[in-house]
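J.: This is the structure I have questions about; it appears just below.
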Amino acid sequence: MIDVDIAVIGSGSGNSLLTDDLADRTFAMIEGGAVFGGTCLNVGCIPTKMYVHVAEVATTVREGGRLGVDATLQRVRFTDVRDRVFGRIDPIADAGEAYRRDGEGVELVRGHARFTGPRTLSVETHDGRTQEVRAGQVVIATGAHAVIPDDLGRSAERAGITLHTSDTVMRLPDLPDRMLVVGGGYIAAEMAHVFSAFGSEVVIAARSDALLRHLDEDISRAFTSAAVEQWDVRTGATVTDLARDDEGTITATLSDGSTVETDVVLVATGRAPSTDDLGLEHAGVDLHDDGRVVVDEYGRTTAEGVWSLGDASSPFQLKHVANQEARAVAHNLAHPEDLRAFDHAAVPAAVFTHPQIASVGLTQAEAVEQGIDVTVKVQAYGDTAYGWAMEDTSSLCKVIADRRTGHLVGGHLIGPQASTLIQPLIQMMAFDQPVADMVRGQYWIHPALTEVVENALLGLELNPAEDVLESPPAA
C-alpha cells in the first residue's frame with residue numbers, strides 16, 4: 001500500500017501540481033499511458049505545431065509566385081521532420097518520467113488507476129502487478145482521448161485497415177501519397193494543412209455542411225471556402241464502408257454515393273474525456289452526460305477530497321485552460337482556507353491550419369441569442385497597409401461588442417498571425433476594458449498588421465453616450 005497526502009491521476013497538466021507550496025506533502029503520480037507527460041507534449045500541441053511550422057514554410061515557398069518570388073519546393077523530407085520532432089520530444093518525456101521516479105516525496109506508479117472507495121485506488125501496473133494507493137486528496141487529471149465512431153471502427157476491422165488518429169498519424173513510417181481525413185473540426189483542419197503542405201493529396205469527409213462549424217459563421221464560411229481551394233472537401237458526407245485491395249489501396253464509400261481511394265485514413269471526429277474506466281462510482285464522483293467529471297468553480301468534485309482539472313472535467317479542451325486550472329487546484333490544495341476559482345472568462349482558442357484562425361468570446365449568433373444589442377465590424381486584412389503589402393484578399397478580423405455598454409463580447413480572426421493578433425482582444429475582455437479606452441488609449445504601430453485589429457475596433461458603432469468611434473480614413 002502506498003499512503004500519500006495527494007494522489008494525482010495523469011501526468012499532463014496534473015504534473016504541474018507539485019509546486020513549492022506543496023513541497024511538504026507526499027505525492028503519488030499515476031500515469032497509465034504509454035508515455036509520460038500527457039497529450040500536449042506527446043501527441044498534441046507541441047508536435048503538431050512543430051509540424052505546422054514546417055507546413056507553413058513549405059506553403060510560403062509554393063505561394064511565393066503571386067508576389068513575384070519564383071521558388072520551387074523540391075520536397076518535404078517527412079521522415080527527417082518526424083525524427084527531428086520526436087527526437088526532441090521523446091527525450092523530454094523520458095526525462096520527465098525519470099525526474100518524477102527519482103524525486104523525493106513522489107511515488108511514480110505506471111499503470112491504470114481505478115477507485116475502489118473514497119480516495120483509495122487500485123492500479124494495474126504496466127509490469128502486471130496490482131498496486132494499492134491511499135491518499136488524503138486525489139486529483140483526476142486524466143485528459144481526453146480520440147474517439148473513433150463505432151460503425152467506422154467495425155468497418156475498418158472487417159477490412160483489416162488500421163485507422164489513424166492524431167495519436168499515431170505523426171509517426172507514420174512514410175509520407176502517404178493520399179490521405180482521407182474524416183471530420184471537420186480543428187484536428188482535421190490542422191492535419192489536412194500539414195499533410196497537404198508536405199505533398200499528400202488530401203480528401204476531407206465532413207458530416208456537416210461547413211468546416212469548423214463551432215466557430216463564428218463568417219469565420220467558418222471563410223475557412224470552408226479556403227479549404228475547398230486547397231483540398232478535396234466533401235461536406236455533408238460520412239464514411240459508410242471501407243475496403244482494401246491486394247495492393248493495399250483503401251477505398252472509402254461515402255454517404256453521398258462517392259468513393260475515395262486513399263493510402264491512410266485519419267479519423268478526427270472528436271475527443272472524449274478519459275473518465276469511463278476509473279471506477280468513479282466507488283468514489284462518489286458524478287459525471288456529466290458527456291463523460292466530464294462534475295466540478296465546482298474551485299475544481300472540487302462531488303466526493304470529498306477529490307478534485308479534477310483539464311480535459312477530464314473542463315468544458316474547454318485546451319492546454320492553456322488545463323494549466324490555469326492546475327494552478328488553481330495546486331493553490332487550493334495548499335490553501336484550503338483561501339480557495340481560488342477557475343478563470344473561464346475570455347478563454348481564447350486557435351486553429352493552426354491554413355489560413356490560421358483564432359477566437360475569443362461569443363460568436364455573433366451566441367451574442368444575439370443572449371439578447372445583447374450587438375454591433376459588429378468585419379475588417380479585411382487587405383484594407384490595412386500591411387495587408388495591402390501582402391496582397392491579401394481573403395483574411396479578416398471580426399469584432400462583436402455590446403452597443404449599450406461599449407464592451408467587447410467576441411473577437412474572431414482568420415488569416416496570417418491570427419493567434420498572435422487576437423491578444424489585444426483577449427486583454428480587453430479579460431480586464432473588462434471599454435473598447436474606446438483600449439483603442440484610443442494607446443499607440444498602434446503603423447504599418448504593422450495589428451492595424452487590422454485597431455481598425456476593426458474603430459469601426460464599431462457604439463452608444464453615443466459611450467464615445468462613438470468613427471472609422472479611420474483608408475490607409
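J.: How do the helices (runs of 4 or more DSSP H) wholly within the stretch 147-231 filter down when requiring 1 or more residues that are hydroxyl-bearing (Ser, Thr, Tyr) and in contact with a His (Cβ under 9 Å, 6 or more places away or on another chain): which remain?
T.: Once the helices (runs of 4 or more DSSP H) in the stretch 147-231 are filtered for at least 1 residues that are hydroxyl-bearing (Ser, Thr, Tyr) and in contact with a His (Cβ under 9 Å, 6 or more places away or on another chain), what remains is 186-198, 217-230.
J.: Against the condition touching a residue at least 12 places away in the same chain (Cβ under 8 Å), buried (at least 17 other Cβ atoms within 10 Å of the Cβ), in a loop (DSSP other than H, G, I, E, B) and not aliphatic (A, V, I, L, M), how does Thr353 come out, does it pass?
T.: Spelling it out, Thr353 is indeed touching a residue at least 12 places away in the same chain (Cβ under 8 Å), buried (at least 17 other Cβ atoms within 10 Å of the Cβ), in a loop (DSSP other than H, G, I, E, B) and not aliphatic (A, V, I, L, M).
J.: Consider the stretch 7-54. How many of its residues are assigned to a loop (DSSP other than H, G, I, E, B), over 26 Å from Val351 (Cα atoms) and of a type in the set (A, V, I, L, M)?
T.: Number satisfying all stated conditions: 3.
J.: Return yes or no: is Val347 crowded, with 21+ Cβ neighbours inside 10 Å and within 30 Å of Ser13 (Cα to Cα)?
T.: Criteria not met by Val347.
J.: In the stretch 224-249, which residues are in contact with a strand residue (DSSP E or B) (Cβ under 6 Å, 6 or more places away or on another chain) and not β-branched (Val, Ile, Thr)?
T.: If the condition is that a residue be in contact with a strand residue (DSSP E or B) (Cβ under 6 Å, 6 or more places away or on another chain) and not β-branched (Val, Ile, Thr), then Ala227, Trp231, Asp232, Arg234, Ala237, Asp241, Leu242, Ala243, Arg244 are the ones that fit.
J.: Also, quick follow-up: What do you reckon, is Gly411 in contact (Cβ under 8 Å) with a residue 40 or more places away in the chain, surrounded by 14 or more Cβ atoms within 10 Å (Cβ to Cβ), in the same structural domain as Ala367 (by TED's automatic domain parsing) and not hydrophobic (A, V, I, L, M, F, W, C)?
T.: yes
J.: So the check is Cβ under 6 Å with 6+ separation or different chains; which pairs have a first residue in the stretch 326-343 that's assigned to a loop (DSSP other than H, G, I, E, B) and a second one that's among the hydroxyl-bearing types (Ser, Thr, Tyr) and surrounded by 14 or more Cβ atoms within 10 Å (Cβ to Cβ)?
T.: Sorted first by the residue in the stretch 326-343, then by its partner, the pairs are Leu339/Tyr298; Ala341/Tyr298.
J.: Could you list, in sequence order, all residues of the stretch 310-332 that are surrounded by fewer than 23 Cβ atoms within 10 Å (Cβ to Cβ) and not small (Gly, Ala, Ser)?
T.: Pro315, Phe316, Gln317, Leu318, Lys319, His320, Val321, Asn323, Gln324, Arg327, His331, Asn332
J.: Report yes if Asp277 is out of contact with any strand residue (DSSP E or B) (no Cβ under 8 Å at 6 or more places or on another chain), in a loop (DSSP other than H, G, I, E, B), farther than 26 Å from Ala358 by Cβ and not aliphatic (A, V, I, L, M), otherwise no.
T.: no
J.: For Ser359, work out the one condition from (1) in a loop (DSSP other than H, G, I, E, B); (2) within 23 Å of Tyr186 (Cα to Cα); (3) not aliphatic (A, V, I, L, M) it doesn't fulfil.
T.: Ser359 satisfies every listed condition except (1).
J.: Condition first: of a type in the set (Gly, Ala, Ser) and either over 21 Å from Pro273 (Cβ atoms) or not assigned by TED's automatic domain parsing to the domain that holds Ser122 (or both). Now tell me which residues in the stretch 6-58 satisfy that.
T.: Ala23, Ala28, Ala55, Ala58
J.: Filtering the stretch 448-475 down to residues that are assigned to a helix (DSSP H, G or I) and either modelled with pLDDT under 50 or small (Gly, Ala, Ser) (or both), which residue is farthest from the chain's Cα centre (by Cα)?
T.: The selected residue is Ala465.
J.: Just one of the numbered conditions (1) crowded, with 22+ Cβ neighbours inside 10 Å; (2) under 17 Å from Glu201 (Cβ atoms) is not true of Val267; which one?
T.: It fails just one condition, (2).
J.: Determine, yes or no, whether Ala237 is crowded, with 16+ Cβ neighbours inside 10 Å, in the same structural domain as Met191 (by TED's automatic domain parsing) and part of a loop (DSSP other than H, G, I, E, B).
T.: Answer is yes for this residue.
J.: Return the residue satisfying two criteria in turn: it lies in the stretch 5-44 and is hydroxyl-bearing (Ser, Thr, Tyr) and over 16 Å from Ala146 (Cβ atoms), and of such residues it is nearest to the chain's Cα centre (by Cα).
T.: Restricting to residues being hydroxyl-bearing (Ser, Thr, Tyr) and over 16 Å from Ala146 (Cβ atoms), the top hit is Ser13.
J.: Separate question: If you take the residues in the stretch 364-393 that are surrounded by 15 or more Cβ atoms within 10 Å (Cβ to Cβ) and among the polar types (S, T, N, Q), which one is farthest from Ala345 (Cα to Cα)?
T.: Among residues in the stretch 364-393 that are surrounded by 15 or more Cβ atoms within 10 Å (Cβ to Cβ) and among the polar types (S, T, N, Q), the one farthest from Ala345 (Cα to Cα) is Thr384.
J.: Quick one: is Ile219 under 25 Å from Met170 (Cα atoms) and not assigned by TED's automatic domain parsing to the domain that holds Lys49?
T.: The answer is no for Ile219.
J.: Continuing with this model, one more query. Might you let me know whether the stretch 184-201 holds any residue that is under 20 Å from the mean Cα position of the chain (by Cα) and more than 29 Å from Leu396 (Cβ to Cβ)?
T.: no
J.: Do you know which residues across the stretch 208-234 are under 18 Å from Leu152 (Cα atoms) and either acidic (Asp, Glu) or surrounded by fewer than 17 Cβ atoms within 10 Å (Cβ to Cβ) (or both)?
T.: Hit for the stretch 208-234 is Ser208, nothing else.
The values are calculated or read from the model by the stated rules, or taken from the named source; none is laboratory data. Not measured: the values here are computed from a predicted model. No Cβ is skipped: glycine too gets one built from the backbone with ideal geometry, and neighbour counts run over all protein chains shown.
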